[in-house]
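One structure is given here, and the rest of the page talks about it.
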Amino acid sequence: MMDGDGEPKPWQWDERTWRAKVDKVRAGRSLLPKQWKNGARCAVALSFDSDHETGELRYGGKSHGKLSQGQYGARSGIGRILKLLDRYAVPASFFQPAVSAMLHPQEVKSVVAAGHEIALHSWIHEFNSTLGYEPERDLNLRAADVLEKIAGRRPVGVRTASWDFSPHTLAIIREMGLLYDSSLMADDDPYELLEDGKPTGVVELPVEWIRDDAIYFNMDRLASLRPYTAPEAVFDIFRRELDVAYEEGGLYVLTMHPHVIGHRSRIWIVEEIIRHAKAMPGIWFATHADIAAYCAQECGLKR
């Protein structure tokens with residue numbers, strides 16, 4: 001049986017076909033260092049995806065209710081986050097769509113002035129898997145130019161929108177000379193990305209939906225599923241992930257969104273995670289860029 005495009009169904013593929021799909025982007029060798037910087041036991045990477053209005057703009061921008069929800073992230077959420085990070089002197093990485101940066105340039109400048117990282121996160125939160133190579137490449141290059149112009153420095157890492165990784169994404173990352181990606185989920189700890197079975201020199205700082213605030217709180221009134229988890233339960237999950245990362249001497253990446261975690265009843269989760277981590281001897285808080293650079297250097301990664 002063929003699909004609508006006349007292509008064989010997956011169960012009709014020969015081994016060469018399904019192996020090629022699996023091997024296109026694959027986890028390579030571990031880049032977990034023997035020890036973290038200054039002898040730390042665990043690295044903690046807090047990250048915020050500052051999607052703001054682009055979460056709705058990518059669907060055509062028809063809902064002003066959802067656009068206002070995105071504006072909340074820039075108007076209220078980001079301020080609480082930056083104040084909290086400053087209070088505890090903790091660096092973080094902010095992944096920003098280019099359109100979001102153009103809508104809120106002062107936010108980008110404030111993030112950089114506070115010592116945090118600005119990294120790539122698409123043009124308008126588009127899905128890479130819906131694009132061809134040329135459009136995806138063009139959007140990423142233009143997005144990097146926009147962030148460099150506003151932030152005053154060119155981003156060295158990327159997180160794809162919705163962690164949507166097309167067959168072309170890794171090739172574009174390599175062409176752009178980016179140090180790291182943070183969109184994939186093959187491990188808890190850093191690893192080198194392989195493309196078609198060959199080492200790329202690109203560091204992967206893996207994410208996971210378990211360590212993402214949106215899946216617990218991102219209610220949609222038009223959807224059949226309306227997730228809501230009590231903040232105490234979300235904190236418990238995040239804390240348990242951190243505790244095991246510490247026991248294993250590994251990496252802890254937490255993905256959050258200003259319009260989600262920045263609310264009054266939720267921002268305490270971030271504070272308690274920071275307080276919990278600071279109570280542990282040997283925690284290294286760092287940006288994604290600093291962690292990726294350290295792993296690459298310690299593990300002799302060739303780029």
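Nothing in this text is a laboratory measurement; each read-out follows from the coordinates by a stated rule. Predicted, not measured: the structure shown is a model, and the values here were computed from it. Positions of Cβ are backbone-derived with ideal geometry, glycine not excepted, and every protein chain shown enters the neighbour counts.
Search region 52-63 for residues being among the small types (Gly, Ala, Ser) and in a loop (DSSP other than H, G, I, E, B), and hand back the single one that is surrounded by the fewest Cβ atoms within 10 Å (Cβ to Cβ).
Looking at the filtered set, the residue picked out is Gly60.
Where residues in region 64-114 are part of a loop (DSSP other than H, G, I, E, B) and more than 18 Å from the chain's Cα centre (by Cα), which of them is nearest to Glu136 (Cα to Cα)?
Start the filter on region 64-114 by keeping residues that are part of a loop (DSSP other than H, G, I, E, B), which leaves 89-92, 97, 104, 114.
Next cut, more than 18 Å from the chain's Cα centre (by Cα) only: 89, 104, 114.
Values: Ala89: 36, His104: 23, Ala114: 31 Å.
The extreme case among them is His104.
Please name all residue pairs, on different chains or six or more residues apart, with Cβ atoms under 6 Å, provided the first residue is in region 275-296 and is in contact (Cβ under 8 Å) with a residue 12 or more places away in the chain and farther than 17 Å from Gln35 by Cβ and the second residue is part of a strand (DSSP E or B) and polar (S, T, N, Q).
Once the first residue is in contact (Cβ under 8 Å) with a residue 12 or more places away in the chain and farther than 17 Å from Gln35 by Cβ and sits in region 275-296, its partners that are part of a strand (DSSP E or B) and polar (S, T, N, Q) give Thr287/Ser93; His288/Ser93.
Here's the yes/no breakdown for (1) touching a residue at least 24 places away in the same chain (Cβ under 8 Å); (2) over 30 Å from Glu107 (Cα atoms); (3) assigned to a strand (DSSP E or B):
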| site | (1), (2), (3) |
| --- | --- |
| Glu192 | yes, yes, yes |
| Gly201 | yes, yes, yes |
| Asp220 | no, no, no |
| Ser265 | yes, no, no |
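Could you please find all residues in region 143-163 being over 15 Å from Tyr133 (Cβ atoms) and part of a loop (DSSP other than H, G, I, E, B)?
Gly152, Arg153, Arg154, Pro155, Val156, Arg159
Taking the criterion of being within 27 Å of Glu248 (Cβ to Cβ), in contact with a helix residue (DSSP H, G or I) (Cβ under 6 Å, 6 or more places away or on another chain) and among the charged types (D, E, K, R), would at least one residue in region 17-32 satisfy it?
no
In region 122-141, what residues are among the charged types (D, E, K, R) and crowded, with 17+ Cβ neighbours inside 10 Å?
The answer is Glu126, Glu136, Arg137.
Here are the criteria: (1) part of a loop (DSSP other than H, G, I, E, B); (2) within 26 Å of Val156 (Cα to Cα). Tell me which single one Arg226 does not satisfy.
With respect to (1) part of a loop (DSSP other than H, G, I, E, B); (2) within 26 Å of Val156 (Cα to Cα), Arg226 is out only on (2).
Looking for whichever is touching a residue at least 60 places away in the same chain (Cβ under 8 Å), crowded, with 17+ Cβ neighbours inside 10 Å, of a type in the set (A, V, I, L, M) and more than 27 Å from His276 (Cβ to Cβ) here; the options are Ala45, Ala119, Ala40, Ala74. Which one fits? Steps first, answer last, please.
Details: Ala45 fails: more than 27 Å from His276 (Cβ to Cβ); Ala119 fails: more than 27 Å from His276 (Cβ to Cβ); Ala40 fails: more than 27 Å from His276 (Cβ to Cβ).
It is Ala74.
Can you name the number of the only condition in (1) part of a loop (DSSP other than H, G, I, E, B); (2) farther than 27 Å from His263 by Cα; (3) under 18 Å from the mean Cα position of the chain (by Cα) that Val207 fails?
Val207 satisfies all of (1) part of a loop (DSSP other than H, G, I, E, B); (2) farther than 27 Å from His263 by Cα; (3) under 18 Å from the mean Cα position of the chain (by Cα) except (2).
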